[in-house]
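Enquirer: I'd like to ask some things about the structure below.
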Amino acid sequence: MCSSTACFRHAFALAVLSVVLIGANRSPLAAALPEVEQLIKQLRDKDEAVRLKAAKELGRLKEKAKDAIPALMAATDDPDEDVREVAKKALATIKNAGGVEEKGELAPFIKDLKSKDIKVRLKALEALEKKGEDAKDAAKSICEVIVRDPSPNVATAALTSLEKIRPDLYKHLSVLLLDESGRNRNNALEKLSEKKKEAEPTLPIILFKCRAELTVRFQGFHPGGTFSDYNIFSSESKGPYAHHYLLAYKTIAGSDDPEVVRIYRELAGATNKDANSRWYGLKELVSWADDDEKRRKEVYPFIKAGLSDGPLLDCITFAGGYGPLSKELLPLLRRHKLSGQAAIRDAATKAVEQIESGEPKRARDILPPRGQPGGALPLPGG
């Protein structure tokens, strides 16, 4: 164990290093004032009287001393009580005077969360936890640590730190990640989704859990499902399912979020052999594209592929609704007019007429009513 003075000097060295690293990415015009640089050096002097005077002077400089924030944060752990107190006051003065963003102050610790050294990551989490709700801007980075860090000890420390930093999120995340009851986990996820923008820091965890569910099982995927459908699929120990996580992510991040659209594409792709989830992905892509021609061109290949081995009935409807964009599909659609299944014949006949009319349909006119399953009829002979 190191002495309090040695530990303080080590922390101070890390803080000064962070100043150097951050400064390397700034314009030379943004460099710290010579006076501030000198005072930063004095904060690590062996004489506590020198350190105390330096902290006072930095507080007096107010916003001009914002480059000293990391060093002053380290000084809040100074072995001398007077230095600690003055450093805290100086930090508050600088922040209040200059409108310094909390995130900038947290940057060195957020960066340390990605360190290869487990001790550095744990120390960063400890420092953030000490700041409590003042470290709320680091919550998303901490959530990333919970699901990405290779060390269970670090992941556990990250979850624990959220209890002080974002207690409102910790209350539900702890249940979602630790509770044995699937029903309780599902309810916790629903509570997070109800927070919407306030729950944005939890998105890395929700996305991770969604993808994990999609990797291991599709049988619980319920197209258009809601949190209230929990009992349809699972025993008490299972769930939430992928559609629950996706619904929560979409509610918090928005339906146009790139990760949401990326999942739709993966679900709608030909490599997905699960009929329900593939239909859901395609339906959501069509809804996402809406009446935007550029987006419809991005969705069109999924519709085309679906006419061969996907949710056939809906793909025929979507192809017809896209009008001239689906012109090359006319030969295949005319073939489906000869199908032995009446539903396919009728849909193909209508689609051909729509394409030949040259008028695309609005998305709301070709999408099935929300909550109503689509058609996943196979090709003739399939």
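Bear in mind these aren't lab numbers, they're just calculated from the coordinates by the rules spelled out. Since the model is a prediction, treat every value here as computed from it, not as a measurement. Because the Cβ atoms are built from the backbone with ideal geometry, glycine has one as well, and the counts that use them run over all protein chains shown.
Enquirer: Above 20 Å lies some portion of the pair distances; for region 240-294, what is it as a whole percent of all C-alpha pairs?
Expert: Roughly 20 percent, rounded to a whole number.
Enquirer: Using a/c under 1.5 as the rounded threshold, could you call region 264-366 rounded, prolate or oblate? The axes a ≥ b ≥ c are square roots of the C-alpha gyration tensor eigenvalues, and prolate needs a/b larger than b/c, oblate otherwise.
Expert: Note, shape of region 264-366 comes out oblate.
Enquirer: Okay, moving on. Checking the table K116/K195; K66/K130; K191/K304; K196/K297; K304/K361; K283/K361 against a 27 Å threshold on Cα-Cα, which pairs fail?
Expert: K116/K195; K191/K304; K196/K297
Enquirer: Hey, can you rank 59-68, 333-342 by average C-beta count inside 10 Å, highest first?
Expert: 59-68, 333-342
Enquirer: Could you list I206, I252 so that the one with the fewest beta carbons within 10 Å of its beta carbon is first and the one with the most is last?
Expert: I252, I206
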